[in-house]
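The values are calculated or read from the model by the stated rules, or taken from the named source; none is laboratory data. Note that the coordinates shown come from a computational prediction; the quantities given were computed from them, not determined experimentally. Neighbour counts are summed over all protein chains in view; Cβ atoms, including those assigned to glycine, are modelled from backbone coordinates with ideal geometry.
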Amino acid sequence: MENGGKPEGGQRLRVGILGCGPIAQAAHFDSALKARNAELFAICDLADDLLERMACTYSPRKTYRNYEAMLADPEVEAVVVATSDAFHVPASLAALEAGKHVLCEKPLGVTVEEVETLQRAVRASGRVLQVGHMKRFDAGFQSARRFLEEEMGEVLALKAWYCDSTHRYELTNAVQPYLFKSTRAKRPAVDPKANLQRYYMLAHGSHLLDTARYLGGVIVEVDARLRQQFGAYCWFVDVAFSSGAIGHLDLTVAVRMDWHEGFQMYGENGSIVAKTHNPWLYKTSDVEIFHEATGETTRVLGADGHFYRRQLEAFADVILNGAPMTGADVDDGVASVRGMAAISQSVKSGEPVKLAEVSGGVE
């Protein structure tokens, strides 16, 4: 065994990670070190103090303070964009122009127009772009998707919820590595947290929208309400799917209770009930599937809960082996941004909004 316990032999995707901030430290560096088919080849950040510290900790082959220089390196095959949301589209476009494959953190972008520009660039490039909706690599979610495709029949309804907890940092501080910061880090022109309504929708709503689409299919219309009280933001969103199924989404930040996330689905030949844990526990969701034909309830154990590593391995498999895309592609990323923009507009107007007609950004 070599390289942190990876099996010897086999082709590995040479990955460069852009950004040494919290999400890279908490998820992407570790994933690249542990992935069976990827290598943490390079890291890049403008903050030289942070770059040096991460290089000492994770030992990439190369380090770069200049993103253009990393993109010019012919040995770098793919880039993980682990930056602030505002930089996702420009960084992804630059990578595609340099001939690199891209794994971009969610959300894909912050406006419908910019992600559609990226969508066109992906199609013209012939390169792979995967969006970091890592919940698609939760074995519980995947068991639900298999049941939907193979046995459930027509879907009647879906309910899904994503409720952050006021106590989440007590948990994450205990289980995450210490996250280093730098005063030299590149920041967006406008502080993302200056508008918490927008920040919460982009950070958490992107997950909820992708979960609804991954399980329920194409969303054609949303009808949303928002209540803001005692520092909490609560969106209730009625959803219409192209299949005819109806849905209800609950995004609340933050609930006065434990982390509360999951979904329920009712179908022709069974039902699904799921509880999802705080992602930093790296624990597969508890998903119980009721089979109408047998009267039995089944549940996948899913011991491997490293969703971030599993998404990187799937990304690498597409590039190295021509495997089918099982993660979120650029179209999924665009649809998630469209959905969030539609929810914002529905809240503002008090009327249902069709996703096909939406433009602009998330508010």
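Quick notes on this one:
- Among the residues here, S165 qualifies as outside the structural domain of D85 (by TED's automatic domain parsing), small (G, A, S) and under 26 Å from A224 (Cα atoms).
- Out of A245, A254, A224, A212, sole residue that is closer than 30 Å to P177 by Cβ and of a type in the set (A, V, I, L, M): A254
- Residue within the range 310-325 that is among the aromatic types (F, W, Y) and either modelled with pLDDT under 95 or surrounded by 21 or more Cβ atoms within 10 Å (Cβ to Cβ) (or both) present: yes
Here is a yes/no grid of residues against (1) in contact with a Phe, Trp or Tyr (Cβ under 7 Å, 6 or more places away or on another chain); (2) not polar (S, T, N, Q):
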{"residue": "Q119", "(1), (2)": "no, no"}
{"residue": "V122", "(1), (2)": "no, yes"}
{"residue": "L129", "(1), (2)": "no, yes"}
{"residue": "R136", "(1), (2)": "yes, yes"}
{"residue": "Q142", "(1), (2)": "no, no"}
{"residue": "E151", "(1), (2)": "no, yes"}
{"residue": "L179", "(1), (2)": "no, yes"}
{"residue": "T183", "(1), (2)": "no, no"}
{"residue": "D191", "(1), (2)": "no, yes"}
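- Counting only strands (runs of 3 or more DSSP E) that sit wholly inside the range 38-111, those with at least 3 residues that are of a type in the set (V, I, T) are 78-81.
- Residue in the range 253-270 that is surrounded by the most Cβ atoms within 10 Å (Cβ to Cβ), counting only those that are out of contact with any Phe, Trp or Tyr (no Cβ under 7 Å at 6 or more places or on another chain) and under 26 Å from Q25 (Cα atoms): W259
- A Cβ distance below 7 Å, combined with a sequence gap of six or more or placement on separate chains, defines the contacts here; from the range 337-354, residues that are surrounded by fewer than 24 Cβ atoms within 10 Å (Cβ to Cβ) reach residues that are of a type in the set (G, A, S) and assigned to a helix (DSSP H, G or I) in the pairs P352/S346; V353/A342; V353/S346.
- Lone qualifier among G295, G231, G267 - being in contact (Cβ under 8 Å) with a residue 24 or more places away in the chain and not β-branched (V, I, T): G267
- Residues (in contact (Cβ under 8 Å) with a residue 40 or more places away in the chain and either of a type in the set (A, V, I, L, M, F, W, C) or farther than 15 Å from P22 by Cβ (or both)) located in the range 172-182: V175, L179, F180
- Taking the conditions (1) touching a strand residue (DSSP E or B) at 6+ places or on another chain (Cβ under 8 Å); (2) surrounded by 19 or more Cβ atoms within 10 Å (Cβ to Cβ) in turn, T284 satisfies each one other than (1).
- Filtering the range 27-37 for residues that are touching a Ser or Thr at 6+ places or on another chain (Cβ under 8 Å), assigned to a helix (DSSP H, G or I), assigned by TED's automatic domain parsing to the domain that holds C104 and acidic (D, E) leaves an empty set.
- The condition (being among the basic types (K, R), on the phi < 0 side of the Ramachandran plot and more than 20 Å from the chain's Cα centre (by Cα)) is satisfied by just one residue among R136, R184: R184.
- Residue within the range 86-105 that is surrounded by fewer than 20 Cβ atoms within 10 Å (Cβ to Cβ) and among the basic types (K, R) present: no
- Check on D238, on the phi < 0 side of the Ramachandran plot, in contact with a His (Cβ under 9 Å, 6 or more places away or on another chain) and assigned to a strand (DSSP E or B): yes
- Contacts under 9 angstrom Cβ, first residue in the range 72-89 being on the phi > 0 side of the Ramachandran plot, partner surrounded by fewer than 22 Cβ atoms within 10 Å (Cβ to Cβ) and not polar (S, T, N, Q), 6 or more apart: none
- All of V273, V239 fail the test of being among the hydrophobic types (A, V, I, L, M, F, W, C) and crowded, with 23+ Cβ neighbours inside 10 Å, apart from V239.
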